[in-house]
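Below you'll find the structure, written out as structure tokens, and then a few comments.
No lab work stands behind these numbers, since they all come straight from the coordinates. Remember, predicted model here, so these are calculated numbers, not experimental data. Don't worry about glycine lacking a Cβ; one is built from the backbone with ideal geometry, like all the others, and counts go over all protein chains shown.
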Amino acid sequence: MSTTSKWQVSDAAHHLHPFTDHGALAAKGTRVITRAEGIYLYDSDGNKILDGMSGLWCVNLGYGRQELIEAAHKQMQELPYYNSFFQCTTPPAIELAELLSDIAPSHINHVFFTSSGSEANDTVIRLARYYWACQGKPEKKTIISRWNGYHGSTIGGASLGGMKPMHGQGDLPIPGICHINQPYWFGEGYTEDSTAFGVRVAQELEQKILELGEDKVAAFIAEPIQGAGGVIIPPDSYWPEINRICKKYDILVVSDEVICGFGRTGQWFGSDYYGVKADLMPIAKGLSSGYMPIGGVLVSDRVSQALKQSGEDFNHGYTYSGHPTAAAVAVATLKVMHSEDLVTRVRDELTPYYAQAFGSLADHPLVGEVRTTGLLGAIELMQDKASHSFFAEKGAAGNCCRDFSIANGLVMRGVGSTMITCPPLVITKSEIDLLVERARKTLDDTAAQLL
Ligand code: PMP
């Protein structure tokens with residue numbers, strides 16, 4: 001039996017994977033990724049695969065970065081762990097909090113640390129409700145979110161998210177969370193002018209606030225660009241209208257920056273890209289380039305003042321909040337981003353290059369739309385692009401394309417029949433060309449099978 005087969009058998013026997021049909025996986029066998037360098041993954045059969053998804057939207061600096069490895073090694077020798085409860089803190093947590101305050105908009109100067117994006121969003125629920133309780137408005141506690149948004153997989157995160165298959169398993173959402181439609185113009189508004197569509201779906205927020213009563217609504221949460229939902233880039237008219245509505249009814253704005261944060265759009269945060277003034281910003285993933293599990297919530301002065309003046313404990317926190325080794329790796333990540341001026345490079349060099357190179361796939365007979373912002377990209381696969389007809393089984397089309405993509409040496413992910421990419425921010429222009437070349441070959445192979 002080959003090493004790969006042995007690993008597959010053992011994995012099937014003992015390992016339960018996230019978001020997986022375990023029967024199907026055991027029959028198919030897992031792909032064992034054994035090492036990685038730069039933007040390439042290597043599997044246990046020796047295949048070299050371009051990682052067009054930065055792991056799971058996180059390895060922004062690519063693999064094998066010595067600065068990050070050394071930061072972890074040094075911190076583990078000095079102080080691998082200590083908590084930030086009971087009046088304690090650690091130097092990496094302090095340094096990271098300061099660095100984050102420097103890159104955050106000027107009205108954000110605090111961070112509450114977690115180990116993941118899901119924990120960050122659970123923290124958002126606690127913080128938003130506690131904030132209003134501190135203002136003497138404990139009834140102002142409903143959080144409005146969006147269908148097909150993704151905010152994590154804990155009970156709180158999955159409730160905030162608008163993924164119906166997740167809600168269906170386990171009686172979600174929890175009370176006090178409700179959803180409005182997403183600004184998915186290509187999928188849900190194609191016959192309308194996109195600007196008008198953006199305003200119309202944003203105004204669903206106003207209708208929902210009026211229906212619930214503004215004194216009952218604590219916050220609105222959204223990803224600046226939906227990631228897991230299929231890289232859904234809202235029309236430019238969407239966020240200004242959301243801003244207007246939240247201001248009018250005094251609703252906290254929560255910008256989920258778990259994917260869009262740390263340079264992905266060519267700005268430090270997705271909210272910077274859209275000019276959104278957020279009260280809370282959950283972060284994770286790119287914060288440590290995925291090298292260590294760390295996340296947090298960036299907290300505006302408005303909310304942090306309330307915590308500081310409450311005169312009591314905010315009864316929330318995690319064993320690993322501010323974990324020193326994870327924080328040290330995040331500090332190293334941000335230092336690399338500064339020293340390589342990576343956000344500017346993404347904005348000025350890579351954004352236009354990716355838009356042009358990846359956008360060139362729009363001429364393919366299988367492709368209804370290609371959209372990009374920064375280094376996020378999506379391709380809409382169509383049964384018949386002339387009549388705007390989607391495949392009857394969207395998921396099967398996406399999976400078919402994804403499998404060809406891997407066979408062609410490129411990780412792309414399928415969300416329904418939308419193929420998505422999120423390459424590392426350190427990708428070079430010639431590597432972008434290679435990504436696009438493999439994506440085109442993948443579309444040809446998929447078209448040969450499906451059309
Ligand atoms: N928010 C967003 C926008 C995400 O994309 C994700 C993860 N894909 C999460 C939250 C949850 O993060 P985690 O998986 O680290 O819990």
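Worth a mention:
- Alpha-carbon Debye profile of the range 270-415, log10 I(q)/I(0) at 0.09, 0.15 Å⁻¹: -0.49, -1.03
- Rg/Rg_ref, the range 294-358, where Rg_ref = 2.2 N^0.38 Å and atoms are Cα: 1.69
- Each Lys and Arg adds +1 at its Cβ and each Asp and Glu adds -1 at its Cβ; summed about the Cα centre, the range 306-451 shows a dipole of about 120 debye.
- For the pair the range 242-314 / the range 42-75, the C-alpha centres are spaced 26 Å from each other.
- Charge dipole (the range 368-444, unit charges on Cβ, about Cα centre) - positive-most of Thr428, Gly409, Ala378: Thr428
- Working value for the range 1-129: equivalent-ellipsoid semi-axes of 36, 20, 16 Å, each the square root of 5 times a Cα gyration tensor eigenvalue, largest first.
- Inverse mean reciprocal Cα-Cα distance (Kirkwood Rh) of the range 67-339, Å: 18.9
- Cα lying deepest toward the dipole's positive end in the range 67-339, options Phe113, Gln207, Tyr320, charges on Cβ: Gln207
- Here the dipole of the range 67-339 is about 260 debye; that uses its Cα centre as origin and unit charges on the Cβ of Lys and Arg (positive) and Asp and Glu (negative).
- Helix-derived mean residue ellipticity, 222 nm - over the chain, DSSP H n ≥ 4, -39500 (n - 2.57), to 500: -13000 deg cm²/dmol
- Beta bridges per DSSP, both residues in the range 67-339: antiparallel share near 50 percent.
- Diffusion coefficient, µm² s⁻¹, Stokes-Einstein with Kirkwood Rh over alpha-carbon pairs of the range 58-194 at 4 °C and 1.567 mPa s: 70
- Relative to one another, the C-alpha centroids of the range 369-422 and the range 326-345 are positioned 31 Å apart.
- Restricting the GluC sites (Glu not before Pro) of the range 81-142 to loop positions (DSSP other than H, G, I, E, B) with no more than 15 neighbouring Cβ atoms within 10 Å leaves Glu139.
- Selection from Ile125, Tyr354, Ala72, by position along the positive dipole direction of the chain (Cβ): Ile125
- Highest mean packing comes first when the peptides 171-178, 330-337 are listed by Cβ atoms within 10 Å, giving 330-337, 171-178.
- Point-charge dipole on Cβ atoms (K/R +1, D/E -1) for the range 40-129, about Cα centre, debye to 20: 240
- As a length-normalised measure over Cα pairs under 8 Å and 6 or more apart, the relative contact order of the chain settles at 19 percent.
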